[in-house]
1. So how far, in whole Å, is the C-alpha centre of segment 188-234 from the one of segment 285-350?
2. Of the accessible area of the chain, with the probe set at 1.4 angstrom, what percent is carbon plus sulfur?
3. What does the accessible area per residue of the chain come to in Å², with a 1.4 Å probe and no ligands, DNA or RNA counted?
4. With both bridge residues required to lie in the chain, what share of the DSSP beta bridges run antiparallel, to the nearest 5%?
5. On the Cα set of segment 37-152, report Rg and Dmax in Å, please.
6. Give me D for the chain in µm² s⁻¹, whole number, from Stokes-Einstein with Rh from the Kirkwood sum over alpha-carbon pairs, 25 °C and 0.890 mPa s.
7. Output the pairs from Lys136/Lys347; Lys59/Lys126; Lys46/Lys260; Lys264/Lys334 with a Cα-Cα distance over 29 Å in this structure; if there are none, say none.
8. Could you work out the helix-only [θ] at 222 nm for the chain, with each DSSP H run of four or more residues adding -39,500 (n - 2.57) and the total divided by the number of residues, to the nearest 500 deg cm²/dmol?
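The values are calculated or read from the model by the stated rules, or taken from the named source; none is laboratory data. All figures in this text were calculated on a predicted structure; none of them were measured in a lab. Please note: Cβ atoms are built from the backbone with ideal geometry, for glycine as well, and neighbour counts cover all protein chains shown. Each accessible area value is taken on the protein alone, full model and side chains, heavy atoms only, with ligands, DNA and RNA left out. Shrake-Rupley method; radii C 1.70, N 1.55, O 1.52, S 1.80 Å.
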Amino acid sequence: MAFKTDLIIHTLNINNADAYLLTSDTNRFWLAEFASSAGYVIATKKEIYLFLDKRYYQKAIDTIDNPLIKVVCFVNKNQLLDCLKDNNVKTLMVEREYFYYQDYLFVKPLIEKIISFPSDVLRIQKTDAELEYLQKATTITCEALNWIQNQDLIGISEIEVANMVTKKMLDLGATKNSFDPIVASGINGAYPHHKPTSKLIENDEFVTVDCGCIYNNYCSDVTRTFPIGTPAQILIDAYRAVYEANYLGIENATYKKIGKDVDKLCRDVVTSYGFGQYFVHGTGHGVGINIHELPNVAPSYEGKLEHNSIVTIEPGIYIPQVGGIRIEDMVLVKKDESILMTQSGKKWIF
């Protein structure tokens, strides 16, 4: 937790701000390491005030072990103004992604300057504890995907497969899905974010399963595309293109590499196979408390991959009325090496 509080203080210093107001569940949990569905944080350079109502107050008092965090029983929003006054806050940082107009109107009479700061940046680098939870979530997902690939799925609906993989992750220790699983068989594979239907899985087609779970409040996100029988040759060729792009992306997801450069490497491979027009999304994204975080691996992302950041590498090809392929892995970027977090996840090779 010291890393997070130090980062907050550093962020306040470089922005010449007096305090950072956190209104989102995500960042409140990230900083205080205490889960709640409501509350506020006012982080100053000397103390962190965590405002929680009576549903959470006593548990927070009993479980939070950080001398910098002061838990306050929240009754009404005027307490926030009192806290800002008491700490002589004139310049206030707020979460760019979560600060709403009504929040602006509330603090405006008291604050001289409001700085809108992208809070996702704070969560790019993960702590050792966070990495442990993320790896556990990833390992559970890989084991579930390995298991589903070994089942006889012919005649089973996409919805049933989604339920099967969900139950398997729960049985392996997950808390819940990190997102609704995508199961796309046959021509439905042409839809990147297909919602599972009653379509039955048939012989001689590909099945794409994109799923993830939450373990101790941290997410995973893994995709495997695998054959039932012998799919059409055009899709086997597409699989080879995606496999090669995925491999190259993993190899190049390294410290200080620019996100859009990694994306271009993968996109160039897919294009070289003649499928460039069918790669319709970015190559990857960060994963953490939320399923989509920074850094990104996409054509528009000019940021660098940092130490202890995590990215997915998920090139895909989606051919209308034919089908699609996606392979997604999670990579931990470190200064001296990159670690494939999904090493245990089975992949097909053609």
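1. That distance is 16 Å.
2. Values: 7930 of 15560 Å².
Ligands and nucleic acids excluded, carbon and sulfur reach 51 percent.
3. Numbers: 15560 Å² over 350 residues.
For the chain, the per-residue accessible area is 44 Å².
4. Percentage antiparallel, nearest 5: 75.
5. 19.4, 66
6. On the way: Rh = 21.7 Å.
Roughly 113 µm²/s, to the nearest whole number.
7. Numbers: Lys136/Lys347 19 Å; Lys59/Lys126 25 Å; Lys46/Lys260 38 Å; Lys264/Lys334 21 Å.
Pairs exceeding 29 Å: Lys46/Lys260.
8. Working: 9 runs with 114 residues, N = 350.
Result for the chain: -10500 deg cm²/dmol, rounded to the nearest 500.
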